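K.L.:
Here you go, one structure.
A short reminder: the numbers here are calculations on the coordinates, not readings from a lab. Every value quoted in this text rests on a predicted model; they were computed, and no experiment measured them. Cβ: placed from backbone, ideal geometry, glycine included. Neighbour counts: every protein chain shown.
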Amino acid sequence: MSTVGCEHFQEFKSNPNNLDTLRWVHSVFVVGSSKDKRTGLNYNYHQTKIMNSFCHTCNNRGPNLHACIDCVFFGCLPHIREHTKEEHHDFSLELTYGQVHCTKCGDYIYDSELDEINKTNRKRSDTFHRRLFECSTWNPTEEEKDLLTLYTQRVCITDKSQIGLRGLVNFRITCYMNSVVQVLMHTPLLRDYFLSERHFCKTDSESCLMCILSNVFQEFYNGDKVPLLLHKLLHFIWTHAPHVGGDVQQDAHEFFIETLGLLHKHCAESINHTSHAVVTNNCSCIIHESFTGSLQSDIVCQKCKGVSTTIEPIWDFALDLVPGALTLVECLKHFTKAELLDNFSMCESCGLPRQVTKQLSIKTLPTVVTFQLKRFKKSDEGHGKVATKIQFTEMLDMTPFMSTKKADSPFPSDNMYSLFAVINHQGETSYAGHYIAYVRQLKDHWYKCNDEVISRVGLDEVLFSEGYILFYHKHVLGYK
Amino acid sequence: MPQEYGDRVSLHLDVNNGLDSVTELVHTRLVESGWKDEVRLACRKAIVESGDRVPTVDELISTITPKARALIREKVKRELLYKIEHILMNLEKVGYKDLEDI
C-alpha cells in the first residue's frame, strides 16, 4: 500500500526535474549533509544552510521555516503562505521535518515518494537526526494488518484509567508474595519488556518463571478487574524454592531476591548463554540490565595510605538502621562511610598486617535501585522489629554516594532516581504481621495494594509510611 | 526579549551546531515528560470536535500551539535555559567561529 498525495503533486511529479529539485533542497536544508555513495565524497551543507535559513520577509530564523520549491525564497509560517499565494507557487518544504505543503490544497500532503526522499537523504547524512525518523508513514505488515482487524477495541489511557491495577487473592499467608508481585508488575522497565513480548522461551513454559510472570503481566494489563489468583506462581515457588514458599509467613525481601535469582536463571537460559556463570556482571538478561549495579570497596592502610580496591556486583542495598540516621540519605551516608576495621588486615603495599579502613561506594548504579531497611534484628526472642521512621523522598540524587564524582553542576544530574514502589510491613516480627505495597502508576498516581483491595492514595501517605523495601527507578534513561 | 536580540542568539547557536544538540535534547525531554502524548491527545480531540470537516494542519497548529506551550513542564524550560546559557557562555572555549569567517 502506498500513500498518494494530491493531484497537484502528481502533476508536479510527472516532471522528473521537479523531484530532483525537491530532493536537493531536502538534502541541503533539512538534512544538512550528504555522502555520495559512488565517489565516497562528503558534502557538508552546513554553511549554505545557515546563510540561507532565515525568513526573507521578516529576517527571523524561525520557527516553522519553509523553503519555496519554485523559486529561491525562504519564509516563516505566515510569510511563506503569503509568498506562495501571491506568486502562485505550488509547493513549499518545511525545513525541520521535511514536510511538503501544497498551496492549492491549503494543507500538507503525504506521498510515499516524499517518504522515499526522506529515507534516502537521512541515510546519507553524516550525523543522526532523530527528528527525521518521526514523520514517516507506517506501512503495516500482513501480520500487523491481521492483528489490527482482530483487535478493534481502542483503549485510551487517561487519569482515571484503571488498567494495570489488579487485586491479588491472599492464600492465607501469601501477602509477602502479593506485595512483591505488585512491585514487579509496576516496574517500568520490566513492564515494557514483558508487554513488548521480548521473552522467547526455549524450555517448556510450565517450568519457566519468566513465562509465568509474562502471563501475570498479560492478566494485569488486559482490563479485567476481578482479583487474580497466583496459584501457578505459588506452585512454582513451592517446587523450586521451598525455603521461601512454605506455609508460614515469609520475609518479602528474601522472596524478592529469590525471585530475581530464579528469573535471571530462566531468562539467561532462554537467551542461550552456553557457559553462563550466575555471578558474571555482564549478563545481558533483563533482570541484570535492570537490577545489577556494582559496589566498590576501598581498603585503606592507615600507615602507608595504600589503597586496595575490589568491585563486586550488587542487587540491592541493605541499609542498617543506626541511631541518629533518620532519613534515607543519612542511612546511605552511613553505608558509604569509611569505617575502621577491628582486625588488622594484610596491607598489600606494606606487606605487613596493618590497621585499615574500609569504605564502600557505588561504582555503577542499576536502573532500578532497591533499598532494604534492615528493620528485623535477630535476637533471642526471634526477629524483633525496629519501627524507627526513616524519611525518604520522591526524588533521590545518588551522586554523593558514587565512587567517581563528576564535576559539580547544578543539573542535569544523571543520577536522579524517582520512587516508584514501597513495600511496608505491619506487625511486630518478620514471621507475623502483614505486608502491603504502594505502587506508582501512570506517571504520578499512587495506589495502595493490600491483597485484593486496591485504593488510590496520595503521595503524602506513601512518604509518611514506615517503609521496609524502597524501590527507586532511574528518572531519565540514557542510551547505551 | 527583543526580536532582533533573540535572533542573534539563535544565529550563534546555529553556527556552532549548538542548536542541533539543544533541539534533540528538548525533543527527548518533551517525549519523556509525556508532553508529546498530551499534545497528540489534544490534536485528536480538536479533530473529533471539528465535526465533518477535517481541519488543515495550519489550523490545527494555530489552535493547539498556545495550549501546547502552556503544557510544557517547568523543569524542561529551566533545563533548556541552562543549556543555552551554557553554550553561549562557552562559545570562546569551544572554538567559536566568527560570523565573518563563514
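K.L.:
List the residues of the stretch A:114-155 whose backbone N lies under 18 Å from a point placed 7 Å from the Cα of residue A:42 along the Cα-to-Cβ direction.
P.N.:
A:121-130
K.L.:
From the Cα trace of the stretch A:175-270, what convex hull volume per residue do you get, rounded to a whole Å³?
P.N.:
Output value, Cα hull per residue: 98 Å³.
K.L.:
Based on Cβ point charges of +1 for Lys and Arg and -1 for Asp and Glu, what charge dipole magnitude is obtained for the stretch A:78-157 about its Cα centre, in debye rounded to the nearest 20?
P.N.:
300
K.L.:
Residues of the stretch A:149-168 with backbone nitrogen within less than 15 Å of a virtual label 7 Å along the Cα-to-Cβ line of residue B:48, please, listed as ranges.
P.N.:
A:153-161
K.L.:
Could you give the nm distance between label points at residue A:466 and residue A:154, where each point is 7 Å from its Cα heading toward the beta carbon?
P.N.:
For residue A:466 paired with residue A:154, the spin-label model returns 4.8 nm.
K.L.:
Compute the distance in nm between two label points, each set 7 Å from the Cα along the Cα-to-Cβ direction, one at residue A:330 and one at residue B:37.
P.N.:
Between residue A:330 and residue B:37, the simple spin-label model gives 3.8 nm.
K.L.:
Another question, if that's okay. Have a look at A:338, A:434, A:326 and report the one farthest towards the positive end of the charge dipole of the protein assembly as shown, computed about the Cα centre with Cβ charges (Lys/Arg +1, Asp/Glu -1).
P.N.:
Checking the options against the dipole of the protein assembly as shown, the answer is A:338.
K.L.:
Also, quick follow-up: Aspartates and glutamates near residue A:303 by alpha-carbon distance under 14 Å, same-chain residues fewer than 8 away left out - which ones?
P.N.:
Answer for residue A:303, where 14 Å is the Cα cut-off: A:348, listed by chain and number.
K.L.:
Apply 1/(1 + (r/R0)^6) to the Cβ-Cβ distance of residue A:123 and residue A:232, taking R0 = 45 Å, and write down the FRET efficiency to the nearest 0.05.
P.N.:
0.40
K.L.:
Hey, another quick one. Got a sec? Charge dipole of the protein assembly as shown, +1 on Cβ for Lys and Arg, -1 for Asp and Glu; which of A:401, A:102, A:40 is way out at the positive end?
P.N.:
In the protein assembly as shown, that residue is A:401.
K.L.:
Distance check, please: which entries in A:385/A:474; A:443/B:36; A:333/A:443 exceed 22 angstrom between their Cα atoms?
P.N.:
With Cα atoms farther than 22 Å apart: A:385/A:474; A:333/A:443.
K.L.:
Just flag the chymotrypsin sites (Phe, Trp or Tyr not before Pro) in the stretch A:103-204 sitting in loop per DSSP whose Cβ has no more than 14 other Cβ atoms within 10 Å.
P.N.:
Loop-located and lightly packed - A:128, A:138, A:151, A:200.
K.L.:
Charges only on Cβ, +1 for Lys and Arg, -1 for Asp and Glu: so what's the dipole of chain A about the Cα centre, in debye to the nearest 20?
P.N.:
1180
K.L.:
Same structure, new question: Determine the sum of side-chain charges near residue A:309: Lys and Arg each +1, Asp and Glu each -1, restricted to other residues whose C-beta is under 14 angstrom from that of residue A:309.
P.N.:
In short, 0.
K.L.:
How would you rank A:284, A:403, going from fewest to most other Cβ atoms within 10 Å of each one's own Cβ?
P.N.:
Least to most surrounded, the residues fall as A:284, A:403.
K.L.:
For the stretch A:86-229, report the translational diffusion coefficient in µm²/s to the nearest whole number, using Stokes-Einstein at 37 °C, 0.692 mPa s, and a Kirkwood Rh over Cα pairs.
P.N.:
The calculation lands on 163 µm²/s.
K.L.:
I would also like to ask the following. Tell me the angle of helix A:231-240 to the major Cα principal axis of chain A, expressed in degrees between 0 and 90 and rounded to the nearest ten.
P.N.:
Helix A:231-240 and the main axis of chain A meet at about 60 degrees.
K.L.:
Quick one: work out the % antiparallel among DSSP beta bridges in the protein assembly as shown, nearest 5.
P.N.:
90
K.L.:
Within 10 Å of each residue's Cβ, count the other Cβ atoms and sort A:105, A:55 from fewest upward.
P.N.:
Starting with the residue having the fewest Cβ neighbours, the order is A:105, A:55.
K.L.:
Shifting gears a bit: By counting other Cβ atoms within 10 Å of each Cβ, how are A:161, A:455 ranked from fewest to most?
P.N.:
The most exposed by this proxy come first: A:455, A:161.
K.L.:
Per residue, how big is the convex hull around the C-alpha atoms of the stretch A:7-142? Give it to me in cubic angstrom, could you?
P.N.:
131
K.L.:
Give the cross-link partners of residue A:232 among the lysines, using a straight C-alpha distance below 25 Å as the criterion and excluding same-chain residues fewer than 8 apart.
P.N.:
Cα-Cα hits under 25 Å: A:202, A:265, A:448.
K.L.:
While we're here: Farthest toward the dipole's positive end in the stretch A:175-270, which of A:228, A:175, A:200, given Cβ charges of +1 (Lys, Arg) and -1 (Asp, Glu) about the Cα centre?
P.N.:
My answer, from the dipole projection, is A:200.
K.L.:
Number of Lys-Lys pairs in the stretch A:7-142 under 28 Å by Cα, sequence gap 8 or more or different chains?
P.N.:
Qualifying lysine pairs in the stretch A:7-142: 19.
K.L.:
If I model the protein assembly as shown as equal point scatterers sitting on the Cα atoms and use the Debye formula, what is log10 I(q)/I(0) at q = 0.05, 0.09, 0.11 Å⁻¹?
P.N.:
At q = 0.05, 0.09, 0.11 Å⁻¹ the computed log10 ratios are -0.31, -0.92, -1.19.
K.L.:
What distance in nm separates the simple spin-label points at residue A:309 and residue B:86, each placed 7 Å from Cα in the Cβ direction?
P.N.:
Once both label points are built, they end up 2.5 nm from each other.
K.L.:
Using the Cα centre of the stretch A:1-69 as the reference point, and only Cβ charges (+1 on K/R, -1 on D/E), how large is the resulting charge dipole? Debye, rounded to the nearest 20.
P.N.:
320
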